1. Among the candidates 38, 49, single out the residue that is in a loop (DSSP other than H, G, I, E, B), over 11 Å from the mean Cα position of the chain (by Cα) and surrounded by 18 or more Cβ atoms within 10 Å (Cβ to Cβ).
2. Can you name every residue in the stretch 69-108 that is in contact with a helix residue (DSSP H, G or I) (Cβ under 9 Å, 6 or more places away or on another chain), part of a loop (DSSP other than H, G, I, E, B) and at pLDDT 80 or above?
3. Could you please let me know if residue 22 is surrounded by fewer than 14 Cβ atoms within 10 Å (Cβ to Cβ) and either modelled with pLDDT of 95 or more or more than 27 Å from residue 10 (Cα to Cα) (or both)?
4. Here is a list: 32, 4. Which entry is more than 18 Å from residue 80 (Cβ to Cβ), crowded, with 16+ Cβ neighbours inside 10 Å and either at pLDDT below 95 or under 17 Å from the mean Cα position of the chain (by Cα) (or both)?
5. Considering (1) modelled with pLDDT under 85; (2) under 18 Å from residue 28 (Cβ atoms), say which one residue 58 fails and leave the rest.
């Protein structure tokens, strides 16, 4: 039975982020102000989340940059993997055996001075 027929509403990643924001009691303006503080701390506007971009992420499926994902994690007090799971729930977000790829097979870094 399809989700529409069963009466179950499936939220997309942006809608899940919005639901989390609303559960935490944050307004869009709260996210903007907090992200601006993070952007100032790192001296980079890439961490800022203006209301227009937040709306795009929550309603249009726009994927946040890694910088904005960091801001979301800090503001919402969540691990980045939890936020990734909200955006892509069917994906497992851990390195597992993939971190082994960078072990013995990779040549050591050299200085190019």
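The values are calculated or read from the model by the stated rules, or taken from the named source; none is laboratory data. In this text the structure is predicted, and so the values were computed from the model without any measurement. In this analysis, Cβ positions are derived from the backbone assuming ideal geometry, glycine residues included, and neighbour counts consider all displayed protein chains.
1. Result: 49 is the single residue among 38, 49 that is in a loop (DSSP other than H, G, I, E, B), over 11 Å from the mean Cα position of the chain (by Cα) and surrounded by 18 or more Cβ atoms within 10 Å (Cβ to Cβ).
2. 78, 79, 88 - these are the residues of the stretch 69-108 that are in contact with a helix residue (DSSP H, G or I) (Cβ under 9 Å, 6 or more places away or on another chain), part of a loop (DSSP other than H, G, I, E, B) and at pLDDT 80 or above.
3. Considered against the rule, which asks whether it is surrounded by fewer than 14 Cβ atoms within 10 Å (Cβ to Cβ) and either modelled with pLDDT of 95 or more or more than 27 Å from residue 10 (Cα to Cα) (or both), residue 22 comes out as yes.
4. Criteria check complete, one pass: 32.
5. If we test residue 58 against (1) modelled with pLDDT under 85; (2) under 18 Å from residue 28 (Cβ atoms), just (1) comes out false.
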